Amino acid sequence: MAERKRKSDLRKMMKKFWTNPTAVMGAILLFFFIGVAIFAPQIAGVNEFGDNYQIPRVSWSSSPQPPDAEHPFGVIGGRDVFYGVIWGTRTAFRLGLIVGLSATFIGVVVGSIAAYFGGIIDEILMRITDIFLSIPFLVAAMVLTTIMGKGLNNVMIALIAFGWMSSARLIRGNILQAREEQYVLAAKALGQKDGLIIIKHILPNTIFPVVVQLTMRMGNYVITAAALSFLGVGAEPGYADWGTILSYARNWMTMLDQAWFSIVFPGIAMVLFVLAWNLVGDALRDIFDPRMRT
Amino acid sequence: MNNNNNHKKPLLSVKDLRTYFHTEDGIVKAVDGVSFEVYPGETLGIVGESGCGKSVTALSIMRLLDEKGEIAGGEIEFDNMNVLSIPENKMRKLRGNEMAMIFQEPMTALNPVYTVGDQIMEAILLHQDVNEKKARELAVDMLQRVGIPEPGKRVDEYPHELSGGMRQRAMIAMSLSCNPKLLFADEPTTALDVTIQAQILELMKELQNEYGMSIIMITHDLGVIAEVTDRVVVMYAGKVVEYADVNTLFKEPRHPYSWGLMNAIPRLDEEKEKLYNIPGIVPNPLDFPEGCRFSTRCPHATDKCKTEEPPLEEVGEKHFAACWHIDKLLEEIKRVREGESA
């Protein structure tokens, strides 16, 4: 019976979601990207000579070839842009999800420990957070990837290492508020353990803003990773990643009329990807908020 | 209910309890030398104005003070155990199981994201060795006992779907689900309207008869005290000023503060321009007056009161009060009561 009740709650929330036009638009865009990612081999084919995430070389000429029937998004640096954009969708999801979830997880752990125990523990953890926040994000990520070497995995590590602080602060603030609620005292008076009080009573009342923040930032991580790739400290050349394709255009910056397609197509993909997550995040904020759930 | 406690051993005995809060402005002596006993099956009332240390006393006994609070002295003996020396993990087993608490605001004391049933089951699963299905049955049974109609349906409802009175009943169900020996009721009826108040008090009395637990009723409402308690501790500014049987307290108050509280109750059979109130406010806990802490508001205060602290002395059988000028108070009471009967 409890199950049934929860399901009907879920259905109510879903209904709210689907009657919200921005949510629907965001969801359609997101599903579109998910579809592209899943069916990448069917849409763009596979790399017959090796790793699918390596954009196959289609020409040894260094000059860009504008879009034509065989290469609908053109060719740059000898690589097929269409293949790169399609397979790059998978990279974008992988990067966004792994970085987003890991950074949020670290942030939630740090923030909730700091807030719940307070005192000296809070002080130490929050000063560490401040130190991380005081380092310019892009510079720090660049330095880290330079030290660890190129490659998507190193980019992700750098993004996680310098991306957890805002969720730590957000959850800490929310918990400090929730900690004063009487139901926390009531749970203590029932003899509940500290750890379980955090997990069972405090987090469910504070996690929604973090989920919304995570959704909103999912797209931003992809943009930042693209920026790193563009600057030459991101994924290896030839990797199916939107930023990598952009970076090929770097050499043609003064002759953009010849290389426009290597900016426009991955650029559109990125803008729509960020837009999709932001729209979904906005909608989730409206729906998840427990104070608006009646 | 239980006036013959001479031969019984108290369930809870608090001796000279001192709870201090370390704040940025200095040390707040919220509870400063409080002693009382609670016998099995009785209801002890703790009465006093806001900020006199009633709730802090309860939280100290359950050891639920926040990090700023510290028990600076005294002894708490509960069920032959020294509460202050029990390790935290054992203390956790006592909470909810042996001693439980109900709160003033049933809305905020129930977690909005869980159903009422979930929260009662949490208490049961913590302390009893049962599976979830059984815990659920027990939860429904508990809801039934606290007088919630259709408990099988209500068990799956969220706190916001219940009315204030229902929530407080659910809260009581939660705290009684493990059959505690001692129940703290921290202003359980303050947030409810009067008709519901009466129902909840009635329910608590019934449950006490059924389960035989002791109750510590914390309130600022002498009406509640008169209705449900057996013995009463009157607290003022962190100290016990009077400690007596409930009937004795109302018939023969021996502290000007207790007398003032009684006078402050509006009565239907009198016509008055203005309701009586005790002049002044509770002193700042950072800076309590020397001597008797009530001296700043007491109509009978003399120089002695402002310098020397009156001890809590036996003024009658099982009746204690801390006042230098009980004689003056007695005259006042006599004058007022004669005036009434005339």
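The values are calculated or read from the model by the stated rules, or taken from the named source; none is laboratory data. This is a predicted model, so every value here is computed, not measured. Here Cβ is always computed from backbone atoms with ideal geometry, including for glycine, and neighbour counts include all displayed protein chains.
When the range B:97-116 is filtered for residues that are under 23 Å from residue B:162 (Cα atoms), facing chain A (nearest Cβ under 7 Å) and not in a strand (DSSP E or B), the ones remaining, listed by number, are B:103, B:105, B:108, B:109, B:110, B:111, B:112, B:113, B:115. Checked against (1) touching a Lys or Arg at 6+ places or on another chain (Cβ under 9 Å); (2) modelled with pLDDT under 75, residue A:55 passes all but condition (2).
When residues in the range A:7-51 are screened for being under 18 Å from residue A:241 (Cα atoms), of a type in the set (Val, Ile, Thr) and in contact (Cβ under 8 Å) with a residue 40 or more places away in the chain, 3 of them pass.
Out of A:117, A:132, A:93, one residue alone is out of contact with any Asp or Glu (no Cβ under 7 Å at 6 or more places or on another chain), within 22 Å of residue A:209 (Cα to Cα) and within 14 Å of chain B (Cβ to nearest Cβ). It is A:117. Considering only the range B:219-230, I want to know if a residue exists there that is touching a Ser or Thr at 6+ places or on another chain (Cβ under 9 Å), surrounded by fewer than 18 Cβ atoms within 10 Å (Cβ to Cβ), part of a loop (DSSP other than H, G, I, E, B) and of a type in the set (S, T, N, Q). Within the range B:219-230 (the criterion being touching a Ser or Thr at 6+ places or on another chain (Cβ under 9 Å), surrounded by fewer than 18 Cβ atoms within 10 Å (Cβ to Cβ), part of a loop (DSSP other than H, G, I, E, B) and of a type in the set (S, T, N, Q)), the answer is no, since none of the residues qualifies. Just one residue in the set B:24, B:67 is within 29 Å of residue B:127 (Cα to Cα), acidic (Asp, Glu) and either crowded, with 20+ Cβ neighbours inside 10 Å or without any contact (Cβ under 8 Å) to a residue 24 or more places away in the chain (or both); that residue is B:67. Selection of the range A:123-160 for residues being charged (D, E, K, R) and in contact (Cβ under 8 Å) with a residue 12 or more places away in the chain yields only A:150.
When the residues of the range B:85-96 are filtered to those that are surrounded by 14 or more Cβ atoms within 10 Å (Cβ to Cβ) and closer than 23 Å to residue A:118 by Cα, the one that is farthest from the other protein chains (Cβ to nearest Cβ) is B:91. The set of residues from the range B:231-269 being in a helix (DSSP H, G or I), of a type outside the set (Gly, Ala, Ser), under 23 Å from residue B:188 (Cβ atoms) and in contact (Cβ under 8 Å) with a residue 12 or more places away in the chain comprises B:246, B:249, B:250, B:261, B:262.
Regarding residue A:135, is this residue surrounded by 16 or more Cβ atoms within 10 Å (Cβ to Cβ), of a type outside the set (Lys, Arg) and under 21 Å from the mean Cα position of the chain (by Cα)? No, not satisfied.
For the range A:1-120, the helices (runs of 4 or more DSSP H) that sit wholly inside it and include 2 or more residues that are exposed (fewer than 15 other Cβ atoms within 10 Å of the Cβ) and of a type in the set (Asp, Glu) are A:2-18.
When you check residue A:189 against the structure, is it crowded, with 18+ Cβ neighbours inside 10 Å, within 14 Å of chain B (Cβ to nearest Cβ) and in contact with a Gly (Cβ under 9 Å, 6 or more places away or on another chain), yes or no? When the stated conditions are applied, residue A:189 passes them.
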